[in-house]
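Input: a single structure, listed below in structure tokens.
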Amino acid sequence: SRPEGLGSDDIYVSIRNSKYSDFGPGPLVNELITANADGAPELSGEGLTIYWSSQRDGGQGDGDIWFATRASLSAPFGPPTNLTSVNSPADETGPEISGDGLTLYFGSSRPGGTGAINVWRASRQDLGSGFGVPVLASSLNGIADIQGSPSISSDGLTIVINASVDDGDSDLYIATRPDTGASFSMPQLMSALNSEFADYNAEIVGNLEELYFTSNRPGGAGNDDIYLTRPCP
């Protein structure tokens, strides 16, 4: 939400020379943003498709999931496309694509959930097909006030979500499963990472080698800041 952006939330990109070097300054990704809120970007495994949440005109609801593709990692993204098979008249946010690109997890306030926002998933048979009708990810919605923003490991066996349970501030929760055909376990609080402030919007790198998340805890540079832990506890 920094001043030079176009809307209330915008998407930026930052580059580093190696996995453990520092990121450089991040410019706006102008081809993806509007004067409305655009955020929660999620890259596919090969980096050629990006999914994000947007409140731009032309959507189906309060907020929708959009996607765009590019020909190479150095090319700009093409025109944004509404992911019509997944969106609804309600609010969709926080898209997360599985490592194989066949399952999309996201948060939604659509009817059929157990709270204000729940985690849903939509699947497809192959990368050339469209996503099918979303279904509630039931095992991930058994704690109070799920807020979505799921992030899944590359092997599909671990997922992190955020939720508010007791104090009203968001916390990170983790769930696992023995194989990709099984349901996830009941999410458990990530006590080693959470604070008494809001902690949310986790992003797993690989198979838990790194975990990025947002927090408004003291000691940051702004209202909300990005934090990193290696490896993911």
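The values are calculated or read from the model by the stated rules, or taken from the named source; none is laboratory data. Every value quoted in this text rests on a predicted model; they were computed, and no experiment measured them. Positions of Cβ are generated from backbone atoms using ideal geometry, with glycine treated the same way; all protein chains shown enter the neighbour counts. To get the accessible areas, we keep the full protein, side chains included, count just its heavy atoms, and leave off ligands, DNA and RNA. Shrake-Rupley method; radii C 1.70, N 1.55, O 1.52, S 1.80 Å.
Just a few scattered comments:
- Selection from region 1-41 of residues that are touching a Leu at 6+ places or on another chain (Cβ under 9 Å) and within 29 Å of P231 (Cβ to Cβ): I11, Y12, V13, P41
- When A175, A122, A116 are checked against the criterion of being farther than 25 Å from T69 by Cβ, in contact with a Phe, Trp or Tyr (Cβ under 8 Å, 6 or more places away or on another chain) and free of Cβ contacts under 8 Å to residues at least 60 places away in the same chain, A175 stands alone in meeting it.
- Condition check for V165: within 18 Å of A198 (Cα to Cα), surrounded by fewer than 18 Cβ atoms within 10 Å (Cβ to Cβ) and over 17 Å from the mean Cα position of the chain (by Cα): yes
- Members of region 173-187 that are under 17 Å from G148 (Cβ atoms) and open to solvent by 50 Å² or more (accessible area, probe 1.4 Å): M186
- Set A122, A137: member being within 18 Å of S153 (Cα to Cα) and at pLDDT 95 or above: A122
- Whichever residue in region 8-40 is of a type outside the set (A, V, I, L, M, F, W, C) and closer than 22 Å to F106 by Cα and, among such residues, is surrounded by the fewest Cβ atoms within 10 Å (Cβ to Cβ): S8
- Matching residues, region 4-42, being within 21 Å of L208 (Cα to Cα), among the hydrophobic types (A, V, I, L, M, F, W, C) and touching a residue at least 24 places away in the same chain (Cβ under 8 Å): A40
- Among the residues of region 134-155, the one identified as more than 19 Å from D179 (Cβ to Cβ), crowded, with 21+ Cβ neighbours inside 10 Å and among the β-branched types (V, I, T) is I146.
- Residue in region 211-220 that is surrounded by fewer than 18 Cβ atoms within 10 Å (Cβ to Cβ) and either within 15 Å of the chain's Cα centre (by Cα) or at pLDDT below 90 (or both) present: yes
- For beta carbons closer than 7 Å, sequence separation of 6+ or different chains, a first residue in region 216-232 that is among the hydrophobic types (A, V, I, L, M, F, W, C) and a second that is not in a strand (DSSP E or B), the qualifying pairs are C232/L208.
- Annotation note: of D57, D64, the sole residue that is out of contact with any helix residue (DSSP H, G or I) (no Cβ under 8 Å at 6 or more places or on another chain), over 27 Å from L208 (Cβ atoms) and buried (at least 20 other Cβ atoms within 10 Å of the Cβ) is D64.
- Residues of region 91-116 satisfying the condition of being at pLDDT 95 or above and among the aliphatic types (A, V, I, L, M): I97, L102, L104
- A single member of A221, A175, A202 is touching a Ser or Thr at 6+ places or on another chain (Cβ under 7 Å) and more than 16 Å from W120 (Cα to Cα), and it is A202.
- Against the test of being open to solvent by 20 Å² or more (accessible area, probe 1.4 Å), in contact with a Gly (Cβ under 9 Å, 6 or more places away or on another chain) and of a type in the set (S, T, N, Q), the options S85, S74, S98 yield a single qualifying residue, S85.
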